[in-house]
Amino acid sequence: MFNKMFSPENVAEALTILKEEVPFALWETTYATLLATAFAILLGLPFGILLVVGEKDGVLPLPKGVMYVLNVVINLLRSVPFLLLMILAFPLTRVILGTTVGTAASIVPLVIAAFPFVARLVESSLREINPNIIEMAQSMGASPMQIIVKVMLPESIPSLISNFTIAITTILGYTAMSGTIGGGGLGKIAINYGYHRYKYLVMLIAVIILIVLVQVFQSVGTKLAVKLDRRVKH
Amino acid sequence: MIEIKNLSKTFRTTAGTVEALKNISLTVNDGDIYGIIGMSGAGKSTLVRCINMLERPTEGAVLMDGQDLGALTQKELRKVRRDVTMIFQGFNLLMQKTCLRNICFPLELAGVKKEEAKKRAMELLEIVGLPDKAGSYPAQLSGGQQQRIAIARALATQPKVLLCDEATSALDPKTTHDILELLKDINERLGITIIIITHQMSVVEEICNRVAILDGGVVAEEGEVSEVFANPQSDAAKRLVFPDGEEEVVPVHPGERVLRVVFNGAMAAGAPLITQMAIDEKIAANILYASTKCLGDKVYGNMLLGLPEEEETVQRAIRYLTKGGNVLVTEVKENVQ
Ligand SMILES: Nc1ncnc2c1ncn2[C@@H]1O[C@H](COP(=O)(O)OP(=O)(O)OP(=O)(O)O)[C@@H](O)[C@H]1O
Ligand SMILES: [Mg+2]
């Protein structure tokens, strides 16, 4: 298979396909990933905050029932496999965007799948905060809202960035997966050429580009988290 | 004035109930540096957290200038907390903010304008002696410097009372001394009442004027520091004043009279006082027990001196020892053994 894969004609053919399709696919994948991550954070952040502050001894205790429902909904969404979730989300996607195919359409299920995950990540970031710091803020007369905005979020920025980096790389994986059922981008190229038309070289290259993308997001995220962490002397 | 009235606090946990505080009544007057001392688990932190209602008392009340803090709404309480600020053993600085922003923090909470807050923060940095650290992050500072920033932050809202929960326990003796000096200075210059929680007698010795000894959730003894030092009544107080156990180290000769000498920051410059007394007054004192230490150029701690029987000599010794100030002498009448 490998001999055939790298035969001159295959390589030449793969290169033309790549030249024609990869730049656009790369763009589609990147923007779907970034946009989906942005929306997932927009939705997931408040939920994550509620999961922490709403607890019995949190800074803004919520009724037990509310917390229970919140947890169940998040767990439910987290336990449905992404591919199924995407299909289940088709009706909603159609309502919002009028179509279920294309990169833009894939963003809706991506967000639905990713925001509960982001909520859990935010929760774990906020739990890392030293409770004494929160007590300090309370002792100085901070309101619950002030504690969230002026203490919890700023103090956990490095951890939040690390966790958002995990989110972005996971969502990138989802984006590639969405290529198999109507989404665009590198995932679509890999499936269309590799799986449906046996052009394994194209698939291989698409996968390599995805790997490089993950690496890029991850190292930028890690660098940023370290750079912004004032606990480290530098 | 802070009045703690019949305050009790019981914690109910799955592991059972803990009576952390039992019927505590204390009065802290304006301008006091009030020490609350006790062994680990005595309930000190719980008591100080009850004073600003971070912990709700199970029974009893805390009155600040006559106002019952337990009866306030959350909103009113938040306002009172600008008047009763706190510093902690672990400093509790915001690690992602510069020192300047840390000091601005309580002002921001109170809605003070940014520029004004910054100006005030710079003044406070001056007061705590760190004007060049405005742009530094807490992680770049030593423990003592971090505590100075925390003190500046606690002073930002111009409080009436400063609560210190083991504020020096994480610091070395020299830094502890410096921080205590700063607190004393703040007390004198700004007229802020200070309540100091500690398990170290030396801290109380050094700056407090009154002390309450907490033991197993009750006040074992309360009073002027010099009195409690000179004449500890309760077992808890004796344990703190004589950590090595007084009995073992004090063999009194028959007919000898015993003086307890408490050094409360007397100048230690030049020859030691007891030697000097032997030279100047020709009184040969027998040092029966000594637990003193020098911090900077001052002496703290206490000593038991054995003296000859004659009343005249004893009086002369008392006069000589108290001459320089900051030394308290009382005769120990009961059997010290
Ligand atoms: N939130 C809590 N829940 C249950 N028990 C508690 C709680 N806080 C304190 N206690 C108990 O109350 C008692 C007093 O605790 P506290 O922290 O006030 O002691 P402390 O004198 O400050 O001791 P240390 O010097 O070690 O800080 C202890 O037995 C402790 O276990
Ligand atoms: Mg404590």
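FYI, it's all coordinate maths here, none of it is from the lab. The structure displayed is predicted, hence computed values, not measured ones. All Cβ positions, glycine included, derive from the backbone under ideal geometry; neighbour counts span all protein chains shown.
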Cα to Cα, under 16 Å, and not fewer than 8 places away if on the same chain: which lysines meet these conditions relative to A:Lys19?
A:Lys188, A:Lys199
Return the whole-Å distance between the Cα centroid of segment B:43-94 and the Cα centroid of segment A:110-150.
23 Å
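For B:Met122 and B:Leu190, what is the calculated FRET efficiency with R₀ set at 22 Å and r taken between the beta-carbons, to the nearest 0.05? Intermediate results must be reported in sequence, preceding the final value.
On the way: r = 17 Å, r/R0 = 0.76.
For B:Met122 and B:Leu190, the calculated efficiency is 0.85.
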Taking Cα atoms only, helix A:8-53 is inclined relative to the longest principal axis of chain A by an angle, in degrees rounded to 10, of 10 degrees
Quick one: order B:Ile196, B:Ile279 by neighbouring beta-carbon count within 10 Å, fewest to most.
B:Ile279, B:Ile196
Please give, to one decimal in nm, the separation of the simple spin-label points placed at A:Glu128 and A:Tyr31, each 7 Å out from Cα toward the Cβ.
3.3 nm
Ignoring GluC sites (Glu not before Pro) buried by more than 16 other Cβ within 10 Å or outside DSSP loops, the longest site-free run in chain A is A:129-234
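Could you please report the charge total around B:Thr85, scoring K, R as +1 and D, E as -1 over all other residues with beta-carbon less than 10 angstrom from its beta-carbon?
Numbers: positive: B:Arg81, B:Arg82, B:Arg153, B:Lys160; negative: B:Asp83.
Summing Lys and Arg as +1 and Asp and Glu as -1 gives +3.
Mind giving me the FRET efficiency for B:Ser169 and A:Leu70? R0 is 56 Å, r the Cβ-Cβ distance, nearest 0.05 is fine.
On the way: r = 40 Å, r/R0 = 0.71.
The formula returns an efficiency of 0.90 here.
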Nearest-ten-degree value, helix B:114-127 long axis tilted from longest Cα axis of chain B:
10 degrees
Helix B:143-155: inclination vs chain B longest Cα principal axis, degrees, rounded to 10, gives 60 degrees
Over 23 Å between alpha carbons, listed pairs B:Lys44/B:Lys97; A:Lys150/B:Lys174; A:Lys150/B:Lys133; B:Lys75/B:Lys113; B:Lys184/B:Lys298:
B:Lys44/B:Lys97; A:Lys150/B:Lys174
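Kindly give Rg over Rh for the protein assembly as shown, based on alpha-carbon atoms, with the Kirkwood expression for the hydrodynamic radius. Let's see the in-between values first.
Numbers: Rg = 33.9 Å, Rh = 28.7 Å.
Checking Rg against Rh, the ratio lands at 1.18.
Tell me which trypsin sites (Lys or Arg not before Pro) from segment A:1-92 have a DSSP coil assignment and no more than 13 other beta carbons within 10 Å of their own. Kindly include the intermediate steps, with their values, before the conclusion.
Numbers: sites: A:Lys4, A:Lys19, A:Lys56, A:Lys64, A:Arg78; in loops: A:Lys56.
Those satisfying the criteria are A:Lys56.
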Counting Lys +1, Arg +1, Asp -1, Glu -1, what net charge surrounds B:Glu310 among other residues with beta carbon under 15 Å of its beta carbon?
-2
Here, A:Tyr195 and A:Met5, labelled 7 Å along Cα→Cβ, have an inter-label distance in nm of 1.7 nm
Fully extended, how many nm does the chain gain between B:Gln276 and B:Thr13 (0.36 nm per residue separation, minus their Cα-Cα distance)?
88.8 nm
Picking from B:Gly217, B:Gly325, B:Gly38, which is most flexible by a Gaussian network model of chain B using Cα springs under 10 Å?
B:Gly325
Divide the volume of the convex hull of the Cα atoms of segment A:2-228 by its number of residues and quote the answer in cubic angstrom per residue.
134 Å³
Each residue of A:129-139 has, on average, a number of other protein chain C-beta atoms within 10 Å of its C-beta equal to 6
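Within 13 Å, Cβ to Cβ, of B:Glu116, how many net charges do the neighbouring residues add up to if Lys/Arg are +1 and Asp/Glu are -1?
Values: positive: B:Lys113, B:Lys114, B:Lys118, B:Lys119, B:Arg120; negative: B:Glu108, B:Glu115, B:Glu123.
So the environment of B:Glu116 carries a net charge of +2.
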For chain B, what is the percent of antiparallel DSSP beta bridges, rounded to the nearest 5?
70 percent
Please list the radius of gyration and Dmax for segment B:2-229, considering alpha-carbon atoms only, with Å as the unit.
17.4, 51
Could you give the length gained on full extension between B:Thr322 and B:His253, defined as 0.36 nm per residue of separation minus the Cα-Cα distance, in nm?
22.4 nm
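Would you please give the FRET efficiency between B:Asn23 and B:Lys75, computed as 1/(1 + (r/R0)^6) with r the Cβ-Cβ distance and R0 = 35 Å, to the nearest 0.05? If you can, show how the numbers build up before the last one.
On the way: r = 30 Å, r/R0 = 0.86.
Here the calculated transfer efficiency is 0.70.
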Most mobile listed residue (B:Arg316, B:Arg260, B:Arg49) in chain B, GNM with C-alpha springs under 10 Å:
B:Arg316
